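Student: My questions will all concern the structure given below.
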Amino acid sequence: ILNVEQSPQSLHVQEGDSTNFTCSFPSSNFYALHWYRWETAKSPEALFVMTLNGDEKKKGRISATLNTKEGYSYLYIKGSQPEDSATYLCAFDNQGGKLIFGQGTELSVKP
Amino acid sequence: DAGVIQSPRHEVTEMGQEVTLRCKPISGHNSLFWYRQTMMRGLELLIYFNNNVPIDDSGMPEDRFSAKMPNASFSTLKIQPSEPRDSAVYFCASGEDGQAFFGQGTRLTVV
């Protein structure tokens, strides 16, 4: 059974705070790690696809790093804004063709 | 492209009835996924197709669930008979090269 774990489960921060959360995944048979952003009442939206150990991707104030040898990825948000409030999902891809999602980290940013 | 289109958006049905959820993937995508979102389990993969062929249905909870993909532009997920514990949001996603694009989901309530 492939286990993808995210922590923390939820996070409440003030506007302007920087924050980060973790995705842990099996370190064997790694192909790719995906990050998605999921706003309430919408569908998950792809943020990053990461494939190489040591990869670092950035999109505006959001960035992510990848360590495939130890099986974790961090997502960072710099200077959180209320519009960043969403659930952030990671998904593990072992080239079996399917994405296994973690439970997500629910981020709430208060103005 | 209009993205992944799911119908209906909401479905309320009585226990024991048959329910059919529909999905139109993004044209040209070779993978199609059905996911179920619940509070307890998060986003669970039910089944995925590659080039219209079911590759892995190990996530389908019971024989009451079945999925078909008769052609590259259409898939159905059927529950027969439905039970209250099937109440959830069901997402369809299509993808290419491992990246999934999600539909808006169908919120199913079985009473």
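Readers should treat all values here as calculations from the given coordinates under stated rules, not as data from a laboratory. None of these values were measured; they are calculated from a predicted model. For neighbour counting, all protein chains shown are included, and Cβ atoms are generated from backbone atoms with ideal geometry for every residue, glycine included.
Student: Give me the net charge for the shell around B:Q37: Cβ to Cβ below 10 angstrom, other residues only, Lys and Arg +1, Asp and Glu -1.
Tutor: That sum, taken over residues with Cβ under 10 Å, equals +2.
Student: If amide hydrogens are placed 1.01 Å from N in the peptide plane, which non-local residues have theirs closer than 5 Å to the one on B:S87?
Tutor: Amide H neighbours of B:S87: B:V110.
Student: What do you get for Rg/Rh over the protein assembly as shown if you use C-alpha atoms and the Kirkwood form of Rh?
Tutor: My calculation of the ratio gives 0.98.
Student: Further question: How would B:I55, A:I77 line up from fewest to most surrounding beta-carbon atoms within 10 angstrom?
Tutor: B:I55, A:I77
Student: Compute for region A:11-111: radius of gyration divided by Kirkwood radius, i.e. Rg/Rh, restricted to C-alpha atoms, rounded to two decimals.
Tutor: My calculation puts Rg/Rh at 0.97.
Student: Less than 13 Å Cβ to Cβ from A:E39, Lys/Arg counted +1 and Asp/Glu -1: what total charge do the surrounding residues give?
Tutor: Here the count lands on -2.
Student: Counting other C-beta atoms within 10 Å, and keeping those with at most 14, which DSSP coil trypsin sites (Lys or Arg not before Pro) do you find in region A:20-71?
Tutor: The qualifying sites are A:K42, A:R61, A:K69.
Student: Measuring from centroid to centroid over Cα atoms, what is the spacing of region B:29-107 and region A:67-111 in Å?
Tutor: Value for the Cα centre distance between the two parts: 21 Å.
Student: Follow-up. Could you put B:V89, B:V12, B:V110 in order, starting from the residue whose Cβ has the fewest other Cβ atoms within 10 Å?
Tutor: So the ranking, lowest neighbour count to highest, is B:V12, B:V89, B:V110.
Student: Over the whole of B:23-36, what's the average partner chain Cβ count within 10 Å per residue? Rounded to a whole number, please.
Tutor: For this peptide, the per-residue mean of nearby foreign Cβ atoms is 1.
Student: May I pose another question? So which trypsin sites (Lys or Arg not before Pro) in region B:1-104 end up in coil per DSSP with only 13 or fewer other C-beta atoms within 10 Å?
Tutor: When the trypsin sites (Lys or Arg not before Pro) of region B:1-104 are filtered for loop state and at most 13 Cβ neighbours within 10 Å, B:R9, B:R41 remain.
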